[in-house]
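Below you'll find the structure, written out as structure tokens, and then a few comments.
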Amino acid sequence: MARIISLVNQKGGVGKSTSAVNIASYLAALGKYVLLVDIDPQANATSGLGIDPQTLPLNLYHSLVGGILSEEIIRQTNFFGFDIMPSAPDLAGASIELVYQKNREFKLYELLRRIRTNYDYILIDCPPSLGLLTVNGLVAADEVIIPVQCEYYALEGLGQLLRTIELVQDNLNSPIKIKGALLTMYDRRNRLSRQVHKEMTRNFENHVFEAIIPRCVKLAEAPSFGQPIIQYQPRSKGAKAYQKLAQEIINLDK
């Protein structure tokens, strides 16, 4: 049965979609069967894998709102063992259309429960907000990875995110746990990056991944070519960091 992990941060631009795509690809490279669920209407994870959200006949919206079976919208990527449940801009409408539906917070949970035995890992790329789609991503997950950009403002929203996770745990009876905080866009030459690293390890003892994602031009370029970093530039420092992270995730699950 798959371990379901949501990548969540209400702040945009922290490397969440980049991390989701690259963690998934390296888990697949390490022999795991992986499904990436793109529940972000911006569809960055979808387009980052070379899939045009505008031309998709079916996407996650049709399952969440239209009742289409999850198996019908899953697409294979060009990477063995790596599938995606794609997103598209019309998924933004689901936030409104789900409001009046019964058990609206459990729609994604119900979708994934049908296919959970088909994979080793299911990763959920949540929107940069704390709205209904993100709540669905939290309720469906066993664990959360929080990408944290190495900048001053990145730390400010963490408290609100942690309170939201607590509310989901308490009010929706979800056993979700924090798997770890992931430091992204780290520049060892930058004093602020080092300070953020120090603050995170001090305040989240034993909950910060050893793997740190550096600032890397190749990581920023890869989505424009529709490829994860393992295909685009496997020898880059960004690729090595995500490889280390994927192995760390597997080791934590043993």
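Screening ILE145 against (1) touching a strand residue (DSSP E or B) at 6+ places or on another chain (Cβ under 9 Å); (2) β-branched (Val, Ile, Thr); (3) surrounded by fewer than 21 Cβ atoms within 10 Å (Cβ to Cβ) leaves a single unmet condition, (3). Selection of segment 97-152 for residues being of a type in the set (Val, Ile, Thr) and closer than 21 Å to GLN10 by Cα yields VAL99, ILE122, ILE124, THR134, VAL135, VAL139, VAL144, ILE145, ILE146, VAL148. Kindly indicate whether any position in segment 38-47 is among the acidic types (Asp, Glu), touching a Leu at 6+ places or on another chain (Cβ under 8 Å), buried (at least 21 other Cβ atoms within 10 Å of the Cβ) and under 24 Å from ASP253 (Cβ atoms). Yes: one or more hits.
Considering only residues in segment 117-141 that are among the small types (Gly, Ala, Ser) and part of a loop (DSSP other than H, G, I, E, B), the one that is modelled with the highest pLDDT turns out to be ALA141. Of the helices (runs of 4 or more DSSP H) lying entirely inside segment 142-254, those containing at least 2 residues that are under 21 Å from ALA29 (Cα atoms) and modelled with pLDDT of 90 or more are 217-221, 229-232, 237-252. Here THR77 meets each of (1) over 21 Å from GLY15 (Cα atoms); (2) out of contact with any helix residue (DSSP H, G or I) (no Cβ under 7 Å at 6 or more places or on another chain); (3) hydroxyl-bearing (Ser, Thr, Tyr) with one exception, condition (1). Filtered by the rule that a residue be among the polar types (S, T, N, Q) and in contact (Cβ under 8 Å) with a residue 60 or more places away in the chain, segment 165-185 gives a lone residue, THR184.
Listed here are the residues, each with its yes/no results for (1) closer than 24 Å to THR164 by Cα; (2) charged (D, E, K, R).
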position	(1), (2)
ASN59	no, no
THR77	no, no
PHE82	no, no
TYR109	yes, no
ARG116	no, yes
TYR121	yes, no
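Pairs meeting the criteria (first residue in segment 55-76 and surrounded by fewer than 17 Cβ atoms within 10 Å (Cβ to Cβ), second residue assigned to a strand (DSSP E or B), beta carbons under 7 Å, at least 6 apart or on different chains) are ARG75/ASP83; ARG75/ILE84; GLN76/ASP83.
The values are calculated or read from the model by the stated rules, or taken from the named source; none is laboratory data. Note that the structure is a prediction, hence the values are computed from the model and not measured. Glycine gets a Cβ as well: all are built from the backbone with ideal geometry, and neighbour counts include every protein chain shown.
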